[in-house]
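Trainee: My structure is below; once you've seen it, I'll send some questions.
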Amino acid sequence: MEKKNIDWSNLGFGYQVTDKRFVANYKDGAWDDGVLTEDATITLTECAGVLQYAQTCFEGLKAYTTEDGRTVCFRPDLNASRMSDSCKRLEMPVFPEDKFVEAVKAVVKANEAYVPPYGSGATLYIRPYMFGSSAVIGVKPADEYQFRIFCTPVGPYFKGGAKPITIRVCDYDRAAPHGTGHIKAGLNYAMSLYQIVDAHEQGYDENMYLDAATRTYVEETGGANFIFITKDGKLVTPKSDSILPSITRRSLMVVAEKYLGMEVEHRQVRLDEIGEFAECGLCGTAAVISPVGKIVDHGKEICFPSGMDDMGPVTRKLYDTLTGIQMGRIEAPEGWIVEI
């Protein structure tokens, strides 16, 4: 497959139109078969459920070129399962999980010329999403829905390497107990925009959200889960019913235990204990791991021993091992890598 004439090494993390996308429609209680189309536009009624009551959810995953030249996706079955959970919570029809994976593969195959070459640092970002498309004026679920997948080549999330970031403890709540924090609903991200813009204006890279009930436990940021490394080398990840179950975080837990022989703890993490950790990071699809060098809690600076110059040594091992699996340099657990 001849690649597109793109300056792969200078790609940003943004959107550009590719050749094909997948579209399926739900009507009269059933999904149609869906099609690949060149049309990147969407036409909706002004009263569509997504526009009136934010009835929408999405996913994010990537396709890679491996060291031996294959095009692969990373754990798309978990994206399908998580989107199923999101749909159920938002009273939307579930797009069948097996068809979800097949549609992802079809979109990547149709746009394979946009999958960046191995070693470029770039990847093909894939965005499945669903929304209420029929008119809704009373507060209720829509009757019709559209499921779509587009993809776009993106550069590395951090150009020049991942430098440790500074985050602040946020005074706003990301999600309520028994709310929608555990699903990938568009409304969750809309609610975080004010806080992230304010954080940037105040000189911080991200927000640390605490549990809304007691404001004593660490939850996540607007779009990533936390990981912590103890001084004796354990991986600790915060546990909460209102945290999005990050596929990257769950994969890192397996990597830590099975590949690096680390002890792993998935538990509640108190705000007042984070100063005891040796390393901290944010994990997600976009960056894999973003190292955190400093957390500021209302003027009190919590600086991690790993410093502000580079990833901590344990975080680096986790990052290198997981990206090695994704890029085909390290043998993957069964089912993690789906070849296109």
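Trainee: Right, residue 295: in a strand (DSSP E or B), in contact (Cβ under 8 Å) with a residue 40 or more places away in the chain, closer than 18 Å to residue 317 by Cα and of a type in the set (Val, Ile, Thr) or not?
Mentor: Here the answer is no, as residue 295 does not meet what is asked.
Trainee: Suppose we filter segment 187-227 for residues that are in contact with a strand residue (DSSP E or B) (Cβ under 7 Å, 6 or more places away or on another chain) and in a helix (DSSP H, G or I); how many remain?
Mentor: 3
Trainee: Name the single residue, out of those in segment 228-256 being more than 23 Å from residue 304 (Cα to Cα) and either free of Cβ contacts under 8 Å to residues at least 60 places away in the same chain or part of a loop (DSSP other than H, G, I, E, B) (or both), that is most open to solvent (accessible area, probe 1.4 Å).
Mentor: Here the residue is 241.
Trainee: Now a separate question. For segment 35-70, name all the residues that are of a type outside the set (Phe, Trp, Tyr), touching a Ser or Thr at 6+ places or on another chain (Cβ under 7 Å) and either assigned to a helix (DSSP H, G or I) or crowded, with 18+ Cβ neighbours inside 10 Å (or both).
Mentor: Hits for segment 35-70 are 48, 49, 50, 57, 61, 62, 63, 65.
Trainee: Moving to a separate point now. Give just the number: which of (1) open to solvent by less than 60 Å² (accessible area, probe 1.4 Å); (2) outside any loop (DSSP other than H, G, I, E, B); (3) touching a Phe, Trp or Tyr at 6+ places or on another chain (Cβ under 9 Å) does residue 120 not satisfy?
Mentor: Answer for residue 120: the failing condition is (2).
Trainee: With the requirement that a residue be assigned to a loop (DSSP other than H, G, I, E, B) and open to solvent by 10 Å² or more (accessible area, probe 1.4 Å), what does segment 143-170 give you? Reasoning before the result, please.
Mentor: At the first step, the residues of segment 143-170 found to be assigned to a loop (DSSP other than H, G, I, E, B) are 143-144, 155-164, 170.
Scanning segment 143-170 gives 143, 144, 156, 157, 158, 159, 160, 161, 162, 163, 164.
Trainee: Sticking with this one: Can you pull out every residue in segment 257-280 that is open to solvent by 50 Å² or more (accessible area, probe 1.4 Å), farther than 9 Å from residue 235 by Cβ and free of Cβ contacts under 8 Å to residues at least 24 places away in the same chain?
Mentor: Of everything in segment 257-280, just one residue is open to solvent by 50 Å² or more (accessible area, probe 1.4 Å), farther than 9 Å from residue 235 by Cβ and free of Cβ contacts under 8 Å to residues at least 24 places away in the same chain, namely 261.
Trainee: If you check residue 135 against the conditions, is it in contact (Cβ under 8 Å) with a residue 40 or more places away in the chain and surrounded by fewer than 19 Cβ atoms within 10 Å (Cβ to Cβ)?
Mentor: On the way: in contact (Cβ under 8 Å) with a residue 40 or more places away in the chain: yes; surrounded by fewer than 19 Cβ atoms within 10 Å (Cβ to Cβ): yes.
Here the answer is yes, as residue 135 does meet what is asked.
The values are calculated or read from the model by the stated rules, or taken from the named source; none is laboratory data. Everything quoted here is computed from the prediction, not taken from an experiment. Neighbour counts run over all protein chains shown; Cβ positions are idealised from the backbone, glycine included. When the accessible area is computed, the model is the full protein with side chains, heavy atoms only, and any ligands, DNA or RNA have been set aside. Shrake-Rupley method; radii C 1.70, N 1.55, O 1.52, S 1.80 Å.
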